[in-house]
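The values are calculated or read from the model by the stated rules, or taken from the named source; none is laboratory data. Values in this document were obtained by computation on a predicted structure and should not be read as measured data. Positions of Cβ are generated from backbone atoms using ideal geometry, with glycine treated the same way; all protein chains shown enter the neighbour counts.
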Amino acid sequence: MDKQFNTRSMIFTLYGDYIRHYGNAIWIGSLIRLLEEFGHNEQSVRAAISRMNKQGWVQSEKVGNKSYYSLTEDGKARMEEASKRIYKSKSPSWDGKWRMLVYTIPEEKRHLRDELRKELVWSGFGLLSNSCWITPNPLEEQINRLVTKYEIGEYVSFFRSTYEGMSSNEDLVTKCWDIDDVNERYSQFIQEYSQKYVIDKNKIEKGEMSEGSCFVECALLVHQFRKFLFIDPNLPEELLPAKWLGDSASSLFADYYQLLQKPATRFFESVFEMGKIKSENK
């Protein structure tokens, strides 16, 4: 298994695409079984889910002698936000306003500053200048959640404003994000996955692809596309370059996902239900 598909990241993918739609909780045995399909062993799964528990993304519950893990409220909110961006059909429209976040977090709370930076990048904010982040998207809800989560209200100022110069909105985008690099990565995704899509479509039509294989390919597809959440700020179409490939990549992803989804879901359900049945019998 390619090292890029690390255990913790794959668990996030499974929660986002499957587990949260099935009552939000999964027996650790079922999770281990599912991740075996990707080459992850029991030890790495237990270590990864324990780390996610400590980070506040999941919570554990004992039922008899079995451990179940479910998303916390923070975990649910993150999955919901990620899902909206992954499965969007096209770039959002713009209200012409810029959202600006400025913080003055003291040095002794530096760890909070580092965590906040990671969260802002993930949500699509760009760094305009030291401790000043901007986005054209209406992310007020996300900001309020972050301020509450890290208890940093006294250090943060948040504005909604218009850009009056001295350059253009397009120049502002170029300053804050490397959109050309993101576009190039979308080009690479299209090149690689358009070929894989044709090959797998042919296999499925001939009955040469098992449900387990569809599950693996579907999860890896989502996992790979999810990486764009960390580099694509999800800019409105008014601020994107003329030859933007993000929407084409999203269409390819949606078609490929639809091809694999039904057999993949049947495989997931077979493993997930096995954990439920064992639990109910004990």
>> If I go through the stretch 26-64 residue by residue, how many of them are under 18 Å from PHE268 (Cβ atoms), of a type in the set (Gly, Ala, Ser) and buried (at least 19 other Cβ atoms within 10 Å of the Cβ)?
In response: 1
>> Checking the conditions here, which among ASN183, ASN202 is within 29 Å of TRP244 (Cβ to Cβ), outside the structural domain of GLU108 (by TED's automatic domain parsing) and of a type in the set (S, T, N, Q)?
In response: ASN183
> Which of the residues belonging to the stretch 81-109 are surrounded by 18 or more Cβ atoms within 10 Å (Cβ to Cβ), without any contact (Cβ under 8 Å) to a residue 60 or more places away in the chain and outside any loop (DSSP other than H, G, I, E, B)?
Replying inline: LEU101, TYR103
> Do any helices (runs of 4 or more DSSP H) lying entirely in the stretch 177-282 carry at least 3 residues that are within 25 Å of PRO92 (Cα to Cα) and either of a type in the set (Ser, Thr, Tyr) or in contact with a His (Cβ under 9 Å, 6 or more places away or on another chain) (or both), and which ones are they?
Replying inline: 179-205, 246-281
>> Give all pairs with beta carbons closer than 7 Å in which a residue from the stretch 146-157 that is at pLDDT below 90 meets a residue that is assigned to a loop (DSSP other than H, G, I, E, B); count only pairs at least 6 apart in sequence or on separate chains.
In response: ILE152/ILE105
> Is it true that some residue in the stretch 150-160 is under 19 Å from ASN234 (Cα atoms) and surrounded by fewer than 17 Cβ atoms within 10 Å (Cβ to Cβ)?
Replying inline: yes
> Is it the case that the stretch 153-161 has a residue that's of a type outside the set (Asp, Glu) and either in a loop (DSSP other than H, G, I, E, B) or under 22 Å from the mean Cα position of the chain (by Cα) (or both)?
Replying inline: no
> Taking SER270, is it over 21 Å from the mean Cα position of the chain (by Cα), surrounded by fewer than 18 Cβ atoms within 10 Å (Cβ to Cβ), on the phi < 0 side of the Ramachandran plot and of a type in the set (Gly, Ala, Ser)?
Replying inline: yes
> Going through the stretch 200-215 one residue at a time, which ones are surrounded by 12 or more Cβ atoms within 10 Å (Cβ to Cβ) and not basic (Lys, Arg)?
Replying inline: ASP200, ILE204, MET209, SER210, GLU211, GLY212, SER213, CYS214, PHE215
> Does the stretch 200-216 contain any residue that is free of Cβ contacts under 8 Å to residues at least 60 places away in the same chain and closer than 21 Å to ASN6 by Cα?
Replying inline: yes
